[in-house]
Each structure stands twice: as C-alpha cells, then as structure tokens.
Amino acid sequence: MPSATIDKIIKTCGLSKKKVETYWKDAKGSAKKQGFKEGDNNFYAYVMGIVKRRLSDSCIKKLGWETTSDIISNSIVPQPTKEMFDFYHKRTNEHIQRVQNNLKSILDYLPNSIDKGTLLQRVKEHDKSKYSEEEYIPYTWNTWNYKCEQEKIPFKLSKEVKKEFDNAWKHHYTVNFHHPEYYKDPSFMTNEDLIEMMCDHMAMSQELNNPLREWEDDNINKRWKFKPEQVKFIYKLVDIFEKLEEIAMKKEKVSSIISSDIILSSSDISKYISLAKKEVRDLLNDGMSKEEMKIQLRDEDFTKLAIDSLLEGL
C-alpha cells in the first residue's frame, strides 16, 4: 500500500501502523491466491477492496471513500424500495448472527489444531462484503426476488439487475474465504475455511428448515471437488451439528421435566426426576462425557445445581 494511503488511514481512523500494514499484507496474500500479480491492472483495486472490508463505515466516511449511502446514490442499478432494503438488512443480519452462533456452539468440539481465536474474529466479519459498493444494491434486489419466490409472489428481476447480481456474486466469492469458489481449486481450503463454510451452510439450513446433510450430499464432490480428508472433516462437522440439535431437543425435554417439579407432589417429583435421569443417561450412552453434558445443559433455565443433581450417581 502506498505510504501516503497508510498514513491517511492511520491519521484519519486512529489505527496503528502495524494493524494497517497487516490488513495490506493479508489482502495482498488473498490477491495472489486468486492469481493476481503485483503490477496487474486490477491488483491494487482488488487489494484495496479487501482492505476496505476491514475498516468501519465511520472510518470509510472520514476517508472520503464511498459509504453505503454513496453506493445507493451512485448505483447504475435502479434503487430498491425501503421495504426491500429493510428486508435485506433484516435477513442478512439474522444470517450473520446464525453463523456466529453456530461457530460458538461447536467450538468445544473442534480439534486443538484449529485456531479458534482467528475463527471467532473471522465470523465477526462474515458476509460484511454484502454491504460493500459492489454487492449492496444487487444483493438487495436478489434477496427480495428470493423472498418472492419463497412466498410465491409474482416478481421478475430485470436483465440489468441480473447482470449486476452476477458481478456482485463474483465479487462476493472472491473476497470471502468460506466460499469454495474463492479458490481455483476447493481442495486448497483450510480447515478454518471449511468450518466457516459449514457454519454458513448450517445457518441456511436453519433458515429454510432443511436438513444440512442433504445439502452436503447434493453438493460435496459434485458442485465442489474436495480431497478425501476434507470430505471426512466436512461430514464430521455435519455429525456435530446433528448431535447438537439432538441434544437441544433432549435438553428441552429434561428442562421441561425439572421446571414442572414445583407443581408436582413429592412422589411425582421422584418419578419425573427418574425420567430426567434417564434422558441424561441416554446422552451419556451416546458417548458424551459428563463435562460435555454440563456444557450443553447449562443455561439460565437449567442451573448448575440441577445438572449436578441429575448427574449424581450416574
């Protein structure tokens, strides 16, 4: 990055020189993975696009670069309605939240070799590019089109918008590591890339209420070609997500039993506690340790005291 640009970002946004240089170094590495070479016409534009993703909107505005409002006013695609924008913001933000929650839910089950701190930081910026100059307007239109398809409402995108969305999708996957299309060969994806990808897929599964495993079966080594060890890792993650869903269902049963104790007779309490212990014992028989049980069952409605009581003597 030209020193003048570095100095401008540091002075305007209050960032350290080390942080800005790290942004630039990471962006250059990403560009080179895509086959760009320093000196290519698009190299600097591509790198700057990635660096901008790391900066806050307020920082970008202070720098005099295009913010979301600028993108809207300068877009060659017709401006969506307020209703379309509102739906896009809602759906996109809910999706990002699901991805973040999904990663948090599986952290304790990931191999020690995985850089969990880096992953947590990555999902904080998951799909941030959907608010970028290149994606914001076309993605808003396409998301509305998707909504209409789901609700069987007549709606048709213009050829102009379709063309711009194709460009926006290309931009999206070229700046987001969790898409196999980012790489010329998906087998180059790291385990961290695969984990974010699966958290993304799980988020879509949760939104559409479709089985995650079916989606992977329809796409792994069909749409994207992976190495055998990558396929094994992907399906291990599927197993974890399915197990967590099963645990959540059983936890709800156990929690329901315990919460009902306050209105039951002492004999009924004993009966239901026995049933609750059976639910917990079933989880243990599924290969889950008591410590893992405590992690999964501990929440505001299921106190540590209740957990320890259920686990006692098992």
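Nothing in this text is a laboratory measurement; each read-out follows from the coordinates by a stated rule. Keep in mind that what you see is a predicted model, and the values were worked out from it rather than measured. Positions of Cβ are backbone-derived with ideal geometry, glycine not excepted, and every protein chain shown enters the neighbour counts.
Enumerate the residues in region 144-186 having an amide nitrogen under 18 Å from the point lying 7 Å beyond the Cα of Asn209 toward its Cβ.
147-153
What percent do you get for the relative contact order of region 82-226 when only Cα pairs under 8 Å and 6+ apart count?
Worked out over region 82-226, it gives 27 percent.
Can you give the extra length, in nm with one decimal, that the chain gains between Asp115 and Lys225 once fully stretched, where that is 0.36 nm per residue apart less the Cα-Cα distance?
Gain on extension, Asp115 to Lys225, equals 37.2 nm.
Between region 234-249 and region 131-207, what's the alpha-carbon centroid distance in Å?
When both Cα centres are located, 25 Å separates them.
Would you mind checking Lys82/Lys152; Lys17/Lys90; Lys104/Lys227; Lys8/Lys225; Lys62/Lys147; Lys147/Lys170 for any pair whose Cα atoms are more than 32 angstrom apart?
Check vs 32 Å cut-off fails for Lys17/Lys90; Lys8/Lys225; Lys62/Lys147.
Could you calculate the contour length gain from Tyr146 to Met48, that is, 0.36 nm times the residue separation minus the distance between their Cα atoms, to one decimal place in nm?
So the chain would gain 32.2 nm between Tyr146 and Met48.
Relative to the present Cα-Cα distance, how much length would full extension add between Ala248 and Lys11 at 0.36 nm per residue of separation?
Extra length available between Ala248 and Lys11 comes to 80.5 nm.
Rg and Dmax in Å for region 136-206, alpha carbons only: what are they?
Expressed in Å, the Cα Rg and Dmax of region 136-206 come to 14.5, 41.
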